[in-house]
Amino acid sequence: MGGQLARSPLHDEHVALGAKMTEFGGWEMPLSYPAGTVAEHIACRTKAVAFDVSHLGTVRAEGPGVYDALQRALTNDLGKIGPGRAQYTHLLADDGSVLDDMIVWWVGDDRFDVMPNASNTERVRAVIPGTDVTRSRAVIAIQGPQARAVAGAVAAEAAEVPRFSVREFSWRGAPCVAAGTGYTGEDGVECAVPAAVAPEFWRAALAAGAQPAGLGARDTLRLEAALPLHGHELGQGITPLQAGLSWVVAWEKGDFTGKAALEAERAAGPARRLRGLVTDGRQPPRADALVTAGGEEVGFVTSGNFSPMLKRGIALALLGTKDGPVKGDAVEINLERRSVAATVVATPFWPPRPEA
């Protein structure tokens, strides 16, 4: 692992816990702990886990004019929310491609903490006026059905923050921010904690009952929840409409980068659309695998893995919309040595829909 990789304020904590470390977005982060990815995944679905997501960027935008700048740059409409709320949104290229997807924490009247993906912080900072404060804090995500109880034992104010809301709180005299957000399909909170007290906060979360979980489990959890990952379901040539995320686009709010291209695509209808696939067995599909139907190529897998909850292979795939497969149709996923039978299904994969 290269010496130039960034390290989280919690790096030594992960090493002490026996974590397997990996490179992700220019950071050295925990992939898994000795219990393993599947055990960490199931703990999040049934109890509570703690993730270190300090690799996510924080661009702090403050002062007069910041609101208008964000409105011009991003697809969603901050006018739908207000201070103390969080919003999922996209930054687009002129052709409508998603340059990054992110959460905006509206912390105070004129303070926004914009949370881009790890490798896209500089790209976001180039178009959004703000200061990169990523290295000054850790972000600890406590997720799972027992997440609120765990968080409450560490910081009661953090545990009380509603879903997609934001709240400032103090911990050991340090100013922190909690948001009712996450990337697992479970309830939980994400806490931005100053680097100096972050290891103590992390240890307190584990002592309160959270199991440490790495990026491996975070990826299988987000895939079961059918949440997009930039560079897979979003990225160059992939628009919000193709990804099934038209709700992120505020068509009526005024102009923003990429709007004209999206309007043209909306009028014509997207040529492809993100769909869910479930295999007939445990074989995990892999990204970039071709998908065929009746011997004809119809698309490709953007993300695939084994679902610990369904005990099947699952995948998200971009499939053609003209005469392409729809929910209930059989397809084949072409892996290196064989083809795997799969069915197009509604998403999310987990929790199961009532009709499933």
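The values are calculated or read from the model by the stated rules, or taken from the named source; none is laboratory data. Not measured: the values here are computed from a predicted model. Every residue, glycine among them, receives a Cβ derived from its backbone with ideal geometry; neighbour counts consider all protein chains shown. Accessible surface areas use protein heavy atoms only, side chains included; no ligands, DNA or RNA. Shrake-Rupley method; radii C 1.70, N 1.55, O 1.52, S 1.80 Å.
The table below gives the values:
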read-out	value
Computed lengthening from V15 to A267, 0.36 nm per intervening residue step minus Cα-Cα distance	85.5 nm
Formal net charge of residues neighbouring P325 (Cβ-Cβ distance under 14 Å; K, R +1; D, E -1)	0
Å² of accessible area per residue within the chain, as computed with a 1.4 Å probe and no ligands counted	42
Within-11-Å neighbourhood charge of A141 [Cβ basis; K, R +1; D, E -1]	-2
Long-range amide H partners of A19 with built H, under 5 Å	none
Spin-label pair S339/K322, simplified geometry with 7 Å Cα→Cβ offset, distance in nm	2.3
Gap separating the Cα centres of region 272-343 and region 112-165, nearest whole Å	33
Heavy-atom accessible area order for Y67, Y183, largest first, 1.4 Å probe	Y67, Y183
In sequence order, calculated HN-Hα J values of region 94-108 (Karplus, 6.51, -1.76, 1.60; Hz; x Gly/Pro)	4, 7, x, 4, 7, 6, 6, 10, 7, 10, 9, 9, 8, 6, x
Residue-by-residue Karplus 3J(HN,Hα) for region 231-247, coefficients 6.51, -1.76, 1.60, Hz, glycine and proline x	x, 10, 7, 9, x, 4, x, 10, 9, x, 5, 5, 7, x, 10, 5, 5
Taking only Cα atoms of region 73-160, radius of gyration then Dmax in Å	15.0, 47
Portion, in percent, of the accessible area of region 68-139 that falls on carbon or sulfur, probe 1.4 Å	45
From the C-alpha gyration tensor of region 268-312, square roots of 5λ in Å	22, 13, 9
Alpha carbon convex hull of the chain, volume per residue in cubic angstrom	140
24 Å Cα-Cα reach of K80 towards lysines, excluding residues that sit fewer than 8 places from it in its own chain	K253, K259
Built amide H within the under 5 Å cut-off of D329, gap 5+	V344
Whole-number D in µm² s⁻¹ for region 204-356, Kirkwood Cα-pair radius fed into Stokes-Einstein, 25 °C, 0.890 mPa s	147
Of all accessible heavy-atom area on region 208-276, the percent that carbon and sulfur account for (1.4 Å)	49
Accessible area, probe 1.4 Å, largest first, for residues E122, E40	E122, E40
For region 40-113, alpha-carbon Rg and Dmax in angstrom	15.2, 45
Packing-based ranking, highest mean first, of 244-255, 266-277 given that Cβ atoms within 10 Å are counted	266-277, 244-255
Förster radius 22 Å - calculated FRET efficiency between R172 and E62, Cβ distance, rounded to 0.05	0.35
In Å, descending, principal axis extents of the Cα set of region 175-266	53, 30, 22
Region 288-356: C-alpha gyration tensor shape, a/c 1.5 cut-off, then a/b vs b/c	oblate
A250 long-range amide H proximity, modeled H, under 5 Å	N76, D77
Per-residue [θ]222 nm for the chain (sum of -39500 (n - 2.57) over DSSP H runs n ≥ 4, rounded to 500)	-5500 deg cm²/dmol
